[in-house]
1. Kindly express, to the nearest 10 degrees and within the range 0 to 90, the angle between helix 114-129's C-alpha long axis and the longest C-alpha principal axis of the chain.
2. Mind grabbing the base-10 log of I(q)/I(0) for the stretch 126-246 at q = 0.15 Å⁻¹? Debye formula, identical points on the C-alpha positions, no solvent, two decimal places.
3. Give the value in nm², to one decimal: projected area of the alpha carbon convex hull of the stretch 113-181, averaged over all directions.
4. In Å and whole numbers, how far do the C-alpha atoms of the chain stretch along each principal axis, longest first?
5. Sort 43, 59, 174 so that the residue with the fewest other Cβ atoms within 10 Å of its own Cβ comes first and the one with the most comes last.
6. Taking Cα atoms, how many degrees apart are the long axis of helix 44-60 and the longest axis of the chain, rounded to 10 and kept between 0 and 90?
7. For the stretch 18-119, calculate the relative contact order in percent as a whole number, restricting contacts to Cα pairs under 8 Å that are 6 or more residues apart.
8. Counting other C-beta atoms within 10 Å, which of 38, 24, 150 has the fewest, and how do the rest follow?
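Where a number appears in this text, it was derived from the coordinates with a stated rule and is not lab data. Bear in mind the structure is a predicted one, so any value in this text is a computation, not a measurement. Ideal geometry is used to build each Cβ from the backbone, glycine not excepted, and the neighbour counts take in all protein chains shown.
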Amino acid sequence: MKTTSALIVAVLCACHCAGQSNVVYYGTNASSISVSFVDPNLSVSAKASIVADLQICLSEWGKKTYLSLDLGADEPGLIGYLQRPSISPHYPESIDFPDGVTNTPSGPALLIPKALSDAYTNAFAFAAANSNVVAAAYEFVAFISSSNFVSLSSNALPNYILLKNKYSETITESNEIVRLASQIIPGLCYQTFYTPSVLGFYYSPEGPSASNLWLNIPSSTLPSNNMMEWSGYSVLWHNGKWVFCSWNEWMP
């Protein structure tokens, strides 16, 4: 699994970055493109924070992303698109990763709509108000991306997973999770996990409480055809820690 410590530092420090060039890198050859913002009122630090998060999304998932200007674009103000292989696993389903390319005095630039920069602004405010929870999330991702997680013992599994008992609709007891560890651990270790976007945090009524804080973690698998498949893997903040949680899928 992939170590993500460098990207974690980038996320946690993003809100304090200023004076950086608004450029992101994509593709296997590290092509670059400037970033342009529709909202004229965004601060320099807010722009830098958004660019840092965009780069986290593009660092792995974006290796098959490419710039397409030849055919132009069918939307006003756009000259092409930053083509992507699939929906970004870093973003929630309600938000699309930006792909529109506009022309600026310095050349083509990835255009960030105001709705997206507003979503980022709200996410940064959430992260600042819940810094301990957010820091714990990136520490959790670093752990599940490491060899320590791969070698996790069955007895330790209940510390990292939460399941709903299909008979009582309550939290499954630890000894039952240990019993099922041989089924659960291979499925988790088959995934490669990556640093999430700050947009990945969300509240949902699904779970053991009326309002639950979830985080969408991007993950990939490499099936036998060697075509990497991307998906999002949700984890839950529960009792002061992040855990894998399959609340919608009842126990066998």
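1. Between helix and principal axis, roughly 50 degrees.
2. -0.73
3. 7.3
4. 63, 44, 31
5. Going from least to most buried by this count: 43, 174, 59.
6. Taking the Cα atoms of the chain, the angle to 44-60 is about 60 degrees.
7. 29
8. 150, 38, 24
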